[in-house]
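The structure appears right after this line, and notes come after that.
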Amino acid sequence: MPTTGLTGRYRKAAYSAAAAAGLFGTVIVPGVAQAHDYDDYGYGYGHHHKPKVVDLQLLAINDLHGNLEPPAGSSGTIKEIDPVTKQTVSTPAGGVEYLATALREARKGHSNSITVAAGDIVGASPLMSGLFHDEPTIEAMNKLGLDVTSVGNHEFDEGAKELLRLQNGGCHPTDGCYAKGRKFKGADFEYLAANVTNEKTNRPILDPYWVTKVDGVKVGFIGVTLEGTPNIVTAEGVKGLKFGNEVATINKYAAELKRKGVNSIVALIHEGGYPASPVYDFDCGAGGSGVSGPIVDIAKKIDPSVGAIVTGHTHNAYACSIPDPNGVPRSVTSAASFGRLYTEIDLKIDKRSGTVVRPSVTAANHVVRQNVPKAADITKLIDYYRTLAAPIANRALGWISADINGRGSADLEKPLGDVIADAQLAGLAPKDKGGAQIAFMNPGGIRSDLVFKASGAEGDGVVTYGEAFTVQPFTNMMQVKTLTGAQIVQLLQQQVSGPNEAAPKILQNSAGFTYTLDMTKTGAARVLVDSVRLNGAAIDPAASYRVAANEFLAGGGDGFPAFAAGTDKLVGASDLDLFAAYLGANSKAGSPLKVPAQDRIKIIGSGADKD
């Protein structure tokens, strides 16, 4: 459902709150009779005065993650209500060729249109983009007409220097240019990183905001990523950087913009929320009560001068109104992920004051459907990189008997998570490889599903290198460490306590390791300690065990400091290499890999990974 600025029951309360705060001239609130004439929109401006307004359309995306082609499996669908059956259905969606067509069609009839994003445009990308350090995605966004984006946590996967190269251009320092005479020119759009500063200079590593003029009125965009970025990116990726508080940073630069005469402000935030329904056009309800998560508290504290908030990170879809510090509803949106949706935000700007007429703001998400013509210029770009990647991407690694879901699984123990953990254990169990007895995989590192249906000419059930890369695009190096039984229990408890209590991150574990989670309890008590076993034997708190994990997880990432306390580290092959080797050793055309039974973690109650 579209989000409107102020309607019905909100009006009187909003007027009172705004009036008490002295906000008129900044936020204009309708619905209460005044000793003034009102224009067609119901705003009081004095006798016989018709305000001059500028119409502005914002088109927003987030969390594309380099998905130039339509994503495979459940990652390539969006939930919606069938208009005939009234049942929830999964509709194929996404693909930048279709996204470009949709955005170009949406811009028609709008003389003022700005295309924005809320981070993670690149990073954790499929092979077509990831193999070329995401240059293809930057080039696609240039053609798409992206104007400005905040950074996200995945923009730091290869470090700040690589992010600056994506912005400014130049060939990759190690891999060079990918074709003779074809130099990477960088992003035509602006990357914003207001809350990411250099530790030595305390200055933002990229511009904190971007200002443009719309019919003579200045409009400013402030971009931030989540403050917790260092917890979900490798230490090397954020080396030398500080990440500031989202609210404090936005409010600081909103004040600076206002001092410069910029009174129309939009925040682009790579942090998000969790709607109560997965349906893309879910109505969030009064005061945004139907959405939860970090963005709710953030939105409630951001300065009222910010007229709209575009968000991301959680890969969810919502178009809500959440009250600002003065209780006045404000539009807060997110367009799911992977280019499956875009958000259209329409607003009016008062030319006299230069401020967003808050009650005029409407926002709605739209599905990027695949029944429209492809954008020819994007198709040409994709064909170019597909040809370059083909010799690597099309190599067959193994066979599967059916879909093995990872990202698309709503279960705490994911079938593909079991396969990946088993692959890591198999590769690192030999004594000379680390002697691993247990392997753990972080759920957020599983970026897609293994889909039975052929994606190209390889045939059904064949897993190609490109498909395996899409599942594990980070190519993290594996590590084996020694942990005590007590530390392993602590590790399990950290899945559901501390920073992970509100949004549990359930590790995927290898065969032979079992335990029970009671999701009816709270915090660390959810792990039933007496149930933790390895090959049927109870874990001994005092004994030592060799545990395998990728370098991100082994370093304590995702809120698992127990891993960082491990000793006797041995560095092994990359996670992708182990995954590829396991598929080759454990599947054949006549004997494909079966879907795991998901019997390693016994679940009491319910819960969900939110990553």
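The values are calculated or read from the model by the stated rules, or taken from the named source; none is laboratory data. All of these numbers come straight from a predicted model, not from anything done at the bench. Neighbour counts are summed over all protein chains in view; Cβ atoms, including those assigned to glycine, are modelled from backbone coordinates with ideal geometry. What goes into the accessible areas is simple: the full protein's heavy atoms, side chains included, and nothing from ligands, DNA or RNA. Shrake-Rupley method; radii C 1.70, N 1.55, O 1.52, S 1.80 Å.
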Diffing region 65-70: the Karplus 3J(HN,Hα) column from phi (6.51, -1.76, 1.60, θ = phi - 60°), in whole Hz with x for Gly and Pro, holds 6, x, 7, 6, 8, x
The chain: relative contact order from alpha carbon pairs under 8 Å, six or more residues apart, as a whole percent, is 16 percent
Under the rule rounded for a/c under 1.5, else prolate if a/b exceeds b/c, else oblate, using alpha carbon gyration tensor axes a ≥ b ≥ c, region 237-303 is classed as oblate
Bridge orientation stat for the chain from DSSP, antiparallel percent rounded to 5, came to 70 percent
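I'd like the trypsin sites (Lys or Arg not before Pro) in region 445-536 restricted to DSSP loop residues with at most 11 other Cβ atoms within 10 Å, sorted by number. The partial results should precede the final answer.
On the way: sites: R447, K453, K481, K505, K521, R526, R533; in loops: R447, K453, K505, K521.
For trypsin sites (Lys or Arg not before Pro) across region 445-536 that sit outside H, G, I, E and B with at most 11 neighbouring Cβ atoms in 10 Å, the list reads K453.
What fraction of the Cα pairs in region 416-467, stated in percent, has a spacing above 16 angstrom?
Details: 714 of 1326 pairs.
Cα-Cα pairs of region 416-467 separated by over 16 Å account for 54 percent.
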Violations at 25 Å Cα threshold for listed pairs K239/K569; K143/K213; K143/K260; K161/K242; K453/K588 -> K143/K260
In degrees, nearest 10, the alpha-carbon axis of helix 376-393 is tilted away from the dominant principal axis of the alpha carbons of the chain by 10 degrees
For T470, T149, T475, the accessible-area ranking with a 1.4 Å probe, largest leading, is T475, T470, T149
Sorted list, accessible surface of protein heavy atoms, 1.4 Å probe, largest first, for R600, R107, R369 is R369, R107, R600
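Which value, in debye to the nearest 20, gives the size of the charge dipole of the chain about its Cα centre, when Lys and Arg are +1 and Asp and Glu are -1 at the Cβ?
Numbers: 58 positive and 62 negative charges, 206 e Å.
So the dipole magnitude of the chain works out to roughly 980 debye.
Quick one: with all protein chains in place, what share of the accessible area of region 514-584 is carbon or sulfur, to the nearest percent (1.4 Å probe)? Intermediate values should be presented prior to the final figure.
Working: 1530 of 2900 Å².
Answer for region 514-584: carbon and sulfur cover 53 percent of the accessible area.
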With the 8 Å Cα cutoff and a minimum separation of six or more residues, region 117-190 has a relative contact order in percent of 36 percent
Taking a straight Cα-to-Cα line shorter than 27 Å from K521, and setting aside same-chain lysines fewer than 8 residues away, one finds K414, K505, K602, K610
Taking Rh as the Kirkwood radius computed over alpha-carbon pairs of region 357-504 and applying Stokes-Einstein at 20 °C with viscosity 1.002 mPa s, one gets a diffusion coefficient in µm² s⁻¹ of 113 µm²/s
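Let me have the relative contact order for region 514-611, percent, based on Cα pairs under 8 Å that are six or more residues apart.
Computed value for region 514-611: 39 percent relative contact order.
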Of the accessible area of region 146-227, computed with a 1.4 Å probe and all protein chains kept, carbon and sulfur make up a percent value of 43 percent
To the nearest Å², the heavy-atom accessible area per residue of region 481-607 with 1.4 Å probe amounts to 42 Å²
Checking region 163-260 for GluC sites (Glu not before Pro) in a loop per DSSP with at most 14 other beta-carbon atoms within 10 Å yields E199, E236
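Roughly how many Å² is the accessible area per residue of region 158-228, as a whole number, for a 1.4 Å probe? Before the final figure, lay out each step's value.
Details: 3630 Å² over 71 residues.
On a per-residue basis, region 158-228 sits at 51 Å².
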Per the C-alpha gyration tensor (a ≥ b ≥ c, the square roots of its eigenvalues), region 203-337 is rounded if a/c is under 1.5, else prolate if a/b beats b/c, else oblate; here it's oblate
Taking Cα atoms only, helix 135-144 is inclined relative to the longest principal axis of the chain by an angle, in degrees rounded to 10, of 30 degrees
Once amide hydrogens are built 1.01 Å from N within the peptide plane, the residues lying 5 or more places from L241 or on another chain with amide H under 5 Å from its amide H are E199
The helix 485-494 Cα axis meets the longest alpha-carbon principal axis of the chain at an angle in degrees, between 0 and 90 and rounded to 10, of 20 degrees
Cross-link reach from K300 to aspartates and glutamates, straight Cα distance under 18 Å and at least 8 residues apart if same chain, gives E227, E246, E271, D324
Using a 1.4 Å probe on heavy atoms of the protein chains only, the accessible area for K588 in Å², nearest 10, reads 140 Å²
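In terms of the Cα gyration tensor, with a ≥ b ≥ c the square roots of its eigenvalues, is region 132-224 rounded because a/c is under 1.5, prolate because a/b exceeds b/c, or oblate? Each step should come with its number before you reach the end.
On the way: a/c = 2.47, a/b = 1.31, b/c = 1.90.
Taking the square roots of the gyration eigenvalues as a ≥ b ≥ c, region 132-224 is oblate.
Express in nm, to one decimal, how much length is gained between K521 and C171 on full extension, taking 0.36 nm for each residue of separation and deducting their alpha carbon distance. Spell out each step's value before the answer.
Details: separation 350, 0.36 × 350 = 126.00 nm, distance 5.26 nm.
Length gained between K521 and C171: 120.7 nm.
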From most to least accessible, 1.4 Å probe, no ligand or DNA/RNA atoms counted, H110, H315 line up as H110, H315
In nanometres, the difference between 0.36 nm per residue of separation and the alpha-carbon distance of L388 and K143 is 86.2 nm
